[in-house]
1. Across the range 258-268, in residue order, what do the Karplus-derived ³J(HN,Hα) couplings come to in whole Hz, using 6.51 cos²θ - 1.76 cosθ + 1.60 with θ = phi - 60° and x for Gly and Pro?
2. Under a 1.4 Å probe, what is the accessible area of the range 80-187 per residue, stated in Å²?
3. Would you please give the residues with an amide H less than 5 Å from that of residue 229, counting only those at least 5 places away or on a separate chain, with H modeled from the backbone geometry?
4. With an 8 Å cut-off on Cα pairs and a minimum separation of 6 or more residues, tell me the relative contact order of the range 49-268 in percent.
5. Given 10 Å bins starting at zero, what is the percent of C-alpha pairs of the range 49-268 in each, up to the one with the largest pair distance?
6. If amide H atoms are built 1.01 Å from N in the plane of the peptide, which residues on other chains or at least 5 residues away come under 5 Å of the amide H of residue 210?
Amino acid sequence: MKIRRITLAVLLLLTVLFVADIRYFGGPNSTKQPSVHFNVSPGIKAPAVEKSQSFVNSGEELSSLVLKGQRGNVELRSTDTDQIVVHATIGADSEEILDTFEVVETIWGSEIRYEISEGQEDEMPEVWLSFVVEVPAGMEVSVEQNFGQVRVHNFRGFLSLNTSFSEVTVWGLEGTASIQSNFGVLDLRQIAGPITLNDSFSTSKVEFLTIDGGYDFDIEVVNGVLAGKAPFQMDTQQNNKLVARGQSGDGVHPVVIRSSFGNVTVNLKDFEGTRVD
């Protein structure tokens, strides 16, 4: 597929640039900051034509939602109702292409899934798929997004994000989060709960709120930069690897971060300790 070939070419180019940057401009022990920075701001052209579909389902018998977007935006928030409301928008370069695609709703047991149909083309043309979604509090939501933006606000539940070449914003999370980001920018604020973050070639900023039980920090950054203001001690190991361990309170809620070729900033709000640079 065309978009897959472009993705592989970009991945290869950025990998070569980052490896060269680390080798010739210094690793984490160097005073020089990495000269390669990622900018995944919307540079993708807008679709020429669009169409919308809407879905409403009761959340009483559904506990899991899966969204598979591409080249568009995903907006997600929790509500105090028992309804799952999904507004989907498909975009394409022409009406002829647009007519061959639909958003497919699939229910398997307690899971409901939304994704684009395969269309009627031998080679997938450029198609956009965006979502605006409201879910009941406490629900498990998984989002897959390539080339676009993900915005999560005031979410209460279990969140799983798998993104590439995307801007990810999570403001206000009460629950558990598992995030995988490749070649992206992450802005995570007002996080209250355990989190697992795996990123590569990304810039990640995470701000935790102080909560009962505290946090247990387990952070490893390879060929990258770690900074922030949180209760962990940082140690430099071989092979350009930074390891940080520590806890706040009783260390009940795990914070596991694994990063390669990226910049990571971790802050605990109202923490009075020394900032890590």
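The values are calculated or read from the model by the stated rules, or taken from the named source; none is laboratory data. Just so you know, these numbers come straight off a predicted model, no measurement behind them. Quick note on the areas: whole protein, heavy atoms, side chains included, nothing else; ligands and nucleic acids left out. Shrake-Rupley method; radii C 1.70, N 1.55, O 1.52, S 1.80 Å.
1. 10, 10, 9, 6, x, 10, 10, 10, 10, 10, 10
2. Values: 4640 Å² over 108 residues.
Using a 1.4 Å probe on heavy atoms only, each residue of the range 80-187 averages 43 Å².
3. Long-range HN contacts for residue 229: 266, 267, 268, 276.
4. 16
5. 8, 32, 31, 19, 8, 2
6. 269
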